[in-house]
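The numbers here are math on the coordinates, done by the rules we state, and not lab data. On a predicted model such as this, the values are computed, not experimentally measured, just so you know. Here the Cβ positions follow ideal geometry from the backbone for every residue, glycine too, while neighbour counts run over all protein chains shown.
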Amino acid sequence: MTVFRRLLAVLTGSALIVAPDAGAAPDGGVPPVSPQAAAAGFVDVRSVVPDAIVDLRYATPDNFVGVPLYPPDARCLVHESMAPGLAKAAATLRTSGDVLVFWDCYRPHDVQVRMFEVVSNPAWVARPGPYARSHEAGRSVDVTIAENGQLVDMGTGFDDFSARAQAFATDGVSAAAQANRARLRAAMTDGGLAVYSGEWWHFDGPGAGVQRPILDVPVD
Ligand SMILES: [Zn+2]
């Protein structure tokens, strides 16, 4: 880009669009993760599933606690061991015009503690312990499917603490929603990611249940 064009871009406020070499991100436009995240083996899910819709509910008030628990620039971070499976699941879904929507990924320990204070039922919110596993280890994700930019009908929303949220629930869950859940499960299973029977949206990657040291990784 010429100096003139760069100046023009800055003057017109479009520098971010027309000057990709300014602060260029090496990974398809996804900025590098923090040093702590990199040290933990975490990747930004957008570098694994480029068409993913990332809608982190805990970065908004639209969650069961009712207030944002993450900073507004929080990212969907996952441990690299989940990457091949997520890429495969996304590829499977893409063949039917579906994209993965991520509601939650890595979750810092202090957020887990706050959640459990609000819903102290281990069936719905994992009890914080002296170790990191599942979301706290970046090895579980909460996902759904979008079709043409619209969430498909799964029978309940996210963090619906009712029996209808169970992955294989039939009571009060329409046949279409059951089929949509099955489609999500099939794609994720194809990638080696296992559904948690208690929540249709929660999937565990390899080693999600292993107890590991608590991480001090920022979510943004
Ligand atoms: Zn989950």
What list of ³J(HN,Hα) values in whole Hz, one per residue of the range 155-167 in order, does the Karplus curve 6.51 cos²θ - 1.76 cosθ + 1.60 (θ = phi - 60°) give from phi, with Gly and Pro shown as x? x, 9, x, 6, 6, 8, 7, 9, 4, 5, 6, 4, 3
Name the residues of the range 191-220 whose amide N is less than 18 Å from a point 7 angstrom out from the Cα of VAL119 along the C-beta direction? 195-204
Using a/c under 1.5 as the rounded threshold, could you call the range 83-202 rounded, prolate or oblate? The axes a ≥ b ≥ c are square roots of the C-alpha gyration tensor eigenvalues, and prolate needs a/b larger than b/c, oblate otherwise. oblate
Using +1 at the Cβ of each Lys and Arg and -1 at the Cβ of each Asp and Glu in the chain, identify which of GLY28, THR170, ALA187 lies farthest towards the dipole's positive end. GLY28
For ALA132, distant residues with modelled amide H under 5 Å away: ARG212, ILE214
Using a simple charge model, +1 on the beta-carbon of Lys and Arg, -1 on the beta-carbon of Asp and Glu, nothing else, what dipole does the chain show about its Cα centre, in debye to the nearest 20? 280
Once you sort the root eigenvalues of the Cα gyration tensor of the chain as a ≥ b ≥ c, which label holds: rounded (a/c under 1.5), prolate (a/b larger than b/c) or oblate (the other case)? prolate
Counted charge near MET115, where neighbours are those whose Cβ lies closer than 13 Å (Asp, Glu -1; Lys, Arg +1): -2
Checked the range 69-154 with the C-alpha gyration tensor, a ≥ b ≥ c its square-rooted eigenvalues, rounded below a/c of 1.5, otherwise prolate if a/b is larger than b/c and oblate if not; verdict prolate
Could you work out the relative contact order of the chain? I mean the mean sequence separation of Cα pairs under 8 Å and 6+ apart, divided by the number of residues, in percent. 22
Go through the range 76-89 residue by residue and turn each phi into a ³J(HN,Hα) via Karplus (6.51, -1.76, 1.60, θ = phi - 60°); whole Hz please, and just put x for glycine and proline. 8, 9, 9, 5, 4, 5, 8, 4, x, x, 5, 4, 5, 4
If I stretch the segment between ASP73 and ASP160 completely, what's the gain in nm (0.36 nm per residue apart, minus their alpha carbon distance), one decimal? 28.8 nm
If amide H atoms are modeled at 1.01 Å from N in the peptide plane, then the residues at a separation of 5 or more from GLU199, or on another chain, having amide H under 5 Å from its own are ALA167
Per the helix-only model, the chain has a calculated mean residue ellipticity at 222 nm (DSSP H runs of ≥4, -39500 (n - 2.57) each, divided over all residues, rounded to the nearest 500) of -7500 deg cm²/dmol
